[in-house]
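Just below is one structure, and these are the notes that go with it.
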2 protein chains.
Amino acid sequence: LKANQVARILITGASGFMGRFVPGFLDRHEVHLAGRSFDNVEWPSPLPSDCALHRVDLLSSADISGFIAEVRPTHLLHLAWYVEHGKFWHSPLNLDWLAASLHLFRAFAEAGGQRFVGAGSCTEYDWRFPTLSADTTPLSPSTPYGNAKARLFQLLSAAAPHAGVSFAWGRIFFPFGPFEHPDRLLPQVVAGLLRGEEVPLSEGFQVRDFIYSEDAAQMFVESLLSDEQGAFNVASGQGLSVREFARLALRHAGDANLLRFGARAAGNDNAAHIVAGHPTGETRLGLSWIGADEGVARTVRWWRLRNINNSL
Amino acid sequence: LKANQVARILITGASGFMGRFVPGFLDRHEVHLAGRSFDNVEWPSPLPSDCALHRVDLLSSADISGFIAEVRPTHLLHLAWYVEHGKFWHSPLNLDWLAASLHLFRAFAEAGGQRFVGAGSCTEYDWRFPTLSADTTPLSPSTPYGNAKARLFQLLSAAAPHAGVSFAWGRIFFPFGPFEHPDRLLPQVVAGLLRGEEVPLSEGFQVRDFIYSEDAAQMFVESLLSDEQGAFNVASGQGLSVREFARLALRHAGDANLLRFGARAAGNDNAAHIVAGHPTGETRLGLSWIGADEGVARTVRWWRLRNINNSL
């Protein structure tokens, strides 16, 4: 994209807890958001002035074709997927979202689309490797979710050159931030600390690459507006143990004794170390990188405000 | 399937040059064929007495869902794909057929289907290995077609256990037989020999695993009626050079001097040796294996008869 060129950008999954940070970076462009509903979506920053919201059922191939032919986006950031907490790992709906993503790609290419960026996952990788690199680590997903993501990447990588589409794929590591599902790790920790209640946790020695949602959104936007092809990691390149990560919240809320490490078993995701191979904490948009420490601070602040609003 | 049990079998792609041998093996069962059209299909043997032909657009997900909910097959043999000669390797339609296959699988599982067998390809394998085994050879397709087949296999392998469906996948090597597209190797050879015209061929030292279409159909039927899961090779396990293979036709038609080896360059598919790792020339249906020699004889006979009919 040249300096003052305005892209016609379509974003799917923009109401997700990471996706909703994306439109805020795209004020210069014509932005279209597609999703089932935007009724109760709280946006972290004002939507771009030239932004349209479209109610579209992405699982209907007929709807997709008509919609894409109408909007004719030049750029597409495809974040939407089935991610119901606790259920998405093994759901057959992963196949439906894979098929829907193929329809979307095909319709986009047919309508003259130029640049397609999709959301992958660190679960595509073989986790027996100590660090995970988009260039060298083999793919070996162990769940139907990771499998669907890995195969979609491989399918679109092979198809894109023949379809005349520039294609990239961001593999998201462990995102956290405001708007996250309350049953997930950081919301549990913060909720307990703010209420002064004990939080049962696993031993917490597992090391993960946590990435603040807004930083992740920024990486996707950078990729979307560039022409770099292939897979990249949406990650910080820094490992933090779950213990260290949870303790970041202590600086802003509650008492260290509330965090009860070892009070419950680790989940299925019990690998010792899942960290991206290359530090990626730099931005080309010239915007600042927020990082884990400040990201956790913002997330705690957000929950605190939300609790105050809810109790008013 | 128990001894006298009757299955409700749906076959897609039954009008393909290999697929049309399938129904003939299923006389004991309730058989449904689905396809765009059966108008000009010449069947090599009578269709089973309990056989229904359905005109369905498999690329329409709405059509698929309604159709499967109506027929409610217990067994599904999915052979249909985009295979237009010379075009299918790199076509974006491979993505459409992948998506359609996922819709088909999902609808089948939702309707209580038990056994799903799909058609794969030897192009899924990494051809740098001397022999290709479903158990040990890595997948490394080099075309969008092979890629789509490999990814579909991986997707359905991961999804099937969670969907309660028994799943197998037959990787077809180099099929030949009657009804084959006239631009392909054996039809070209036979046509030249029957007309007494020269046939320009590559040097022909490449070794391939040629499989007679009816034998391939038989292997699919055996798999469909069994409960063995995972990938298997639809192959003979025997390598023949293109030279040897073409010369099989000489026993039944024409003059050796007509076969001009080296008169043209080899195609893209220039690997020296593509042969299945395990001999698989046995049948469990108790039916005889036809093999390359007799298969070529039958194919020559078929072309000869066709030419006579066409000239009447």
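The values are calculated or read from the model by the stated rules, or taken from the named source; none is laboratory data. Quick caveat: nothing in here was measured; it's all calculated off a predicted structure. In this analysis, Cβ positions are derived from the backbone assuming ideal geometry, glycine residues included, and neighbour counts consider all displayed protein chains. The area values use the complete protein model at the heavy-atom level, side chains included, leaving out ligands, DNA and RNA. Shrake-Rupley method; radii C 1.70, N 1.55, O 1.52, S 1.80 Å.
For region A:98-241, relative contact order (Cα pairs under 8 Å, six or more residues apart, normalised by length) works out to 29 percent. Think of region B:171-312 as a dipole: +1 on every Lys or Arg Cβ, -1 on every Asp or Glu Cβ, centred on the Cα centre; then among B:Ala235, B:Trp302, B:Phe176, B:Trp302 lies furthest on the positive end. Here the protein assembly as shown is assigned +1 on the Cβ of each Lys and Arg and -1 on the Cβ of each Asp and Glu. Its dipole about the Cα centre then comes out at about 20 debye. Under a 5 Å amide H cut-off, with hydrogens placed 1.01 Å from N, A:His273 pairs with A:Val207 among residues at least 5 apart or on other chains. Here the spin labels are modelled as points 7 Å beyond Cα on the Cα-Cβ line, and at B:Ser60 and A:Glu42 they lie 4.5 nm apart. A compact globular protein would have a Cα radius of gyration near 2.2 N^0.38 Å; the ratio found for region A:213-261 is 1.68. Residues in region A:168-179 carry Karplus couplings, in order, of 9, 8, x, 8, 7, 8, 10, x, 8, x, x, 6 Hz; the curve used is 6.51 cos²θ - 1.76 cosθ + 1.60 with θ = phi - 60°, and Gly or Pro positions show x.
How many angstrom lie between the Cα centre of region B:35-92 and the Cα centre of region A:30-83? Between the Cα centres of region B:35-92 and region A:30-83 lies a distance of 34 Å. B:Gly164 sits among other residues whose Cβ lies under 12 Å from its own Cβ, and their net charge, with Lys and Arg +1 and Asp and Glu -1, is 0. Of the residues A:Ala34, A:Leu77, A:Trp289, the one whose Cα sits farthest towards the positive end of the charge dipole of chain A is A:Trp289 (charges of +1 on Lys and Arg Cβ, -1 on Asp and Glu Cβ, taken about the Cα centre). For region A:6-112, relative contact order (Cα pairs under 8 Å, six or more residues apart, normalised by length) works out to 30 percent. Under 5 Å from the amide H of B:Thr131 lies no amide H of any residue 5 or more positions distant or on a separate chain, with H modelled from the backbone and absent for Pro and chain starts.
Rounded to 0.05, the FRET efficiency of the B:Arg260 and B:Ser288 pair, given R0 = 45 Å and the Cβ-Cβ distance, is 0.80.
The residues of chain B expose on average 43 square angstrom of accessible surface per residue, using a 1.4 Å probe on protein heavy atoms.
Relative to one another, the C-alpha centroids of region A:215-280 and region A:136-205 are positioned 10 Å apart.
Chain A: D in µm²/s via Stokes-Einstein (Kirkwood Rh, Cα pairs, 10 °C, 1.306 mPa s)? Stokes-Einstein gives a translational diffusion coefficient of 79 µm²/s. For the protein assembly as shown, the share of DSSP beta bridges that are antiparallel, to the nearest 5, is 5%.
Two decimals is fine: what is log10 I(q)/I(0) at q = 0.18, 0.19, 0.21 Å⁻¹ for region A:1-104, from a Debye sum with one equal scatterer on every Cα and no solvent? So the normalised log intensities work out to -0.90, -0.98, -1.16. Percent of C-alpha pairs per 20 Å bin in the protein assembly as shown, short distances first: 18, 45, 28, 9, 1. What shape does region B:73-127 have by the C-alpha gyration tensor, where a ≥ b ≥ c are the square roots of the eigenvalues, rounded means a/c under 1.5, and otherwise prolate means a/b greater than b/c and oblate the rest? Judged from the Cα gyration tensor, region B:73-127 comes out prolate (a/c at least 1.5, a/b above b/c). Buried accessible surface for the A/B chain pair comes to about 2100 Å², total over both chains, computed with a 1.4 Å probe. Here region A:178-312 has 47 percent of its accessible surface on carbon and sulfur atoms, given a 1.4 Å probe and all protein chains in place.
Simple point charges give the picture: +1 on the Cβ of Lys and Arg, -1 on the Cβ of Asp and Glu, and for region A:1-56 a dipole about the Cα centre of about 180 debye. Using a cutoff of 8 angstrom between alpha carbon atoms and counting only pairs six or more residues apart, the relative contact order for chain B works out to 17 percent. Taking the DSSP beta bridges with both ends in chain B, the antiparallel portion is around 5 percent.
Its Cα centre serving as origin, chain A has a Cβ charge dipole (Lys and Arg +1, Asp and Glu -1) of approximately 200 debye. Which GluC sites (Glu not before Pro) in region B:1-108 pass both tests, a DSSP loop state and at most 16 other beta-carbon atoms within 10 Å? Answer in residue order: B:Glu42, B:Glu84.
For a paramagnetic label modelled on A:Ala69 (point 7 Å from Cα along Cα→Cβ), amide N atoms under 16 Å away belong, within region A:82-117, to A:103-113. Taking amide H positions as modeled 1.01 Å from N, with prolines and chain starts lacking one, the residues under 5 Å from B:Phe232 and 5 or more places away or on another chain are B:Trp169, B:Gly170, B:Arg171. Listed by chain and number, the aspartates and glutamates whose alpha-carbon sits under 13 Å from that of B:Lys149, ignoring those within fewer than 8 places in the same chain, are B:Asp96, B:Glu124. Note that region B:253-259 has calculated 3J(HN,Hα) couplings of 7, x, 10, 4, 5, 6, 7 Hz, one per residue in order, obtained from phi through the Karplus relation 6.51 cos²θ - 1.76 cosθ + 1.60 (θ = phi - 60°); glycine and proline are x.
A convex hull fitted around the alpha carbon atoms of region B:162-312 yields 138 Å³ per residue.
From the Cα gyration tensor of region B:44-98, with a ≥ b ≥ c the square roots of its eigenvalues, which class applies: rounded if a/c is under 1.5, or else prolate if a/b is larger than b/c, or else oblate? The shape class here is oblate. With N as its number of residues, region A:88-172 has a Cα radius of gyration that, divided by 2.2 N^0.38 Å, comes to 1.11. Each residue of region B:240-251 was assigned a 3J(HN,Hα) from its phi angle through the Karplus expression (A = 6.51, B = -1.76, C = 1.60, θ = phi - 60°), giving 10, 6, 4, 4, 4, 4, 4, 5, 4, 5, 5, 5 Hz with x at Gly and Pro. DSSP beta bridges fully contained in region A:9-145 are about 5 percent antiparallel.
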